[in-house]
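Structure first, then comments.
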Amino acid sequence: MGSIAVGVVVLGLKYLAAHVTGSVALLSDALESIVNVVTAVAALVAVRLSARPANAALPYGYHKAEYFSAVAEGIFIVIAALAIFHQAWKGITTPVPIDAPALGLLINGAATVLNAGWCWVLISQGRKLRSPALEADGHHLLTDVFSSLGVIGGLGLAILTGWYVLDAVIAVIVGIVILVSGSRLIASSVGGLMDVALPAPTREQIGDTIRTNAAGALQAHDVRTRQAGRMTFIDFHLVVPGTMAVEEAHAICDRIEGALKADHPESLVTIHVEPEDKAKRAAIVVA
């Protein structure tokens, strides 16, 4: 809700700055702010949906809804970049002087400061809550902040030199930055939808936790991990002596699961117990 409110205010300020100056670069900045509002609405829907508890139809929960939001955000960013290129082309072919430059830059600067403060809130809270949607929205706003600073600096140079074609050139640069940002966001979100494994250091840490908490077992193999929103999924096979009682094997599993959840509080751990004849060469040997 905060992102939507901030986005509407920033959009209004940036559009006002573009209107009073007639600057293509400031208009490109305002076009990106339209995307900010649309994607903030998408992020709100995704975060609320992902918070729903699991049910019979979706036993693993709604956590992946946030990745759909991030993909949609990336698509909107790409569309904004194309719109900026269109406006920039008109500015290159017919450059015009900039009206009320000081007022326009002041208004745009105020919008940029507001954006910078809010993107810090989104990124920090997204990491704290392990929310891809919030963090993606924050990184998008951070890109907006940097592009706005570039627009302000470049536009100031155009005003000082009188080379008003720089106004459109700056808009092209902003469009390229936004296009790259949107492409990266789509790529990372698709990775989440495709159940990409956790980063290598995290997988090594999980292996160490299993190794040091599986006393009584022989080995663990076929460890698989994935992330879905703030939820971490870990599953593996645990090999125990064939003569071990079910109760004793279950106690080992409980101990490993407790240790893993201590490191990853919001996680689902699945352990498949096997007899020693199922052991594999590529495995985690128990300490």
Aspartates and glutamates whose Cα lies under 20 Å from that of K278, excluding same-chain neighbours fewer than 8 positions away: D222, D235, E247, E248
Once Lys and Arg get +1 and Asp and Glu get -1 on their Cβ, which of G7, S23, M244 lies farthest toward the positive end of the dipole of the chain? S23
Go through region 232-244 residue by residue and turn each phi into a ³J(HN,Hα) via Karplus (6.51, -1.76, 1.60, θ = phi - 60°); whole Hz please, and just put x for glycine and proline. 10, 10, 10, 9, 6, 9, 10, 9, 10, x, x, 8, 5
For the chain, what does -39500 (n - 2.57) per DSSP helix run (n ≥ 4), summed and divided by total residues, give at 222 nm, in deg cm²/dmol to the nearest 500? -24000 deg cm²/dmol
Please name whichever of A100, L166, G126 sits farthest to the positive end of the charge dipole of region 56-204, dipole taken about the Cα centre and charges placed at Cβ: Lys and Arg +1, Asp and Glu -1. G126
Given a Förster distance of 51 angstrom, what is the FRET efficiency for K278 paired with I176, based on the Cβ-Cβ distance and rounded to 0.05? 0.40
In region 54-155, what chymotrypsin sites (Phe, Trp or Tyr not before Pro) fall in a loop by DSSP, with at most 12 other Cβ atoms inside 10 Å? Y60
Of I210, I252, I173, the one that fluctuates the most in a GNM where the chain has Cα springs shorter than 10 Å: I252
Could you report the chain's accessible area per residue, 1.4 Å probe, as an integer in Å²? 49 Å²
Per 10 angstrom bin, beginning at 0 and ending with the bin that holds the maximum distance, the Cα pairs of region 1-160 fall in percents of 11, 37, 29, 15, 6, 2, 0
Efficiency of FRET between D254 and V41 - r from beta-carbon atoms, R0 51 angstrom, step 0.05: 0.75
Gaussian network model of the chain, springs between alpha carbon atoms under 10 Å - residue of G91, G126, G258 with greatest fluctuation: G258
Would you compute, for the Cα atoms of region 130-258, the largest minus smallest coordinate along each principal axis and list the three values in descending order, in whole Å? 86, 21, 19
If the only charges are +1 at each Lys and Arg Cβ and -1 at each Asp and Glu Cβ, what is the size of the charge dipole of region 12-86 around the Cα centre, to the nearest 20 debye? 240 debye
Can you check what the net charge comes to around V145, using other residues whose Cβ is under 14 Å from the Cβ of V145 (Lys, Arg +1; Asp, Glu -1)? -3
In cubic angstrom, how much convex hull volume per residue do the alpha carbon atoms of region 185-261 span? 93 Å³
Qualifying aspartates and glutamates (Cα of each under 19 Å from Cα of K128; at least 8 residues distant if same chain): E66, D137, D263, E266
Electrostatic dipole magnitude of the chain [Cβ: Lys, Arg +1; Asp, Glu -1; Cα centre; debye, to 20]: 260 debye
Please report, largest first and rounded to whole Å, the three semi-axes of the ellipsoid equivalent to region 1-59, where each semi-axis is the square root of five times an eigenvalue of the C-alpha gyration tensor. 36, 10, 4
Quick one, can you get me the convex hull of the C-alpha atoms of region 86-131 expressed as volume per residue in Å³? 85 Å³
Among P101, P132, P53, residue whose mean-square fluctuation peaks in a GNM of the chain (springs only between Cα atoms under 10 Å): P53
Taking the Cα atoms of the chain, what is the range of coordinates along each of the three principal axes, in descending order and whole Å? 86, 34, 28
For V190 and K261 in the same chain, what is the full-extension length gain: residue separation times 0.36 nm, less their Cα-Cα distance, in nm? 22.9 nm
Could you estimate the translational diffusion coefficient of region 126-188 from the Stokes-Einstein equation, with Rh from the Kirkwood formula over C-alpha pairs, at 4 °C and 1.567 mPa s, in whole µm²/s? 99 µm²/s
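The values are calculated or read from the model by the stated rules, or taken from the named source; none is laboratory data. No experiment lies behind these values; they were computed from the predicted model shown. No Cβ is skipped: glycine too gets one built from the backbone with ideal geometry, and neighbour counts run over all protein chains shown. Side chains included, ligands, DNA and RNA excluded: accessible areas come from the protein's heavy atoms. Shrake-Rupley method; radii C 1.70, N 1.55, O 1.52, S 1.80 Å.
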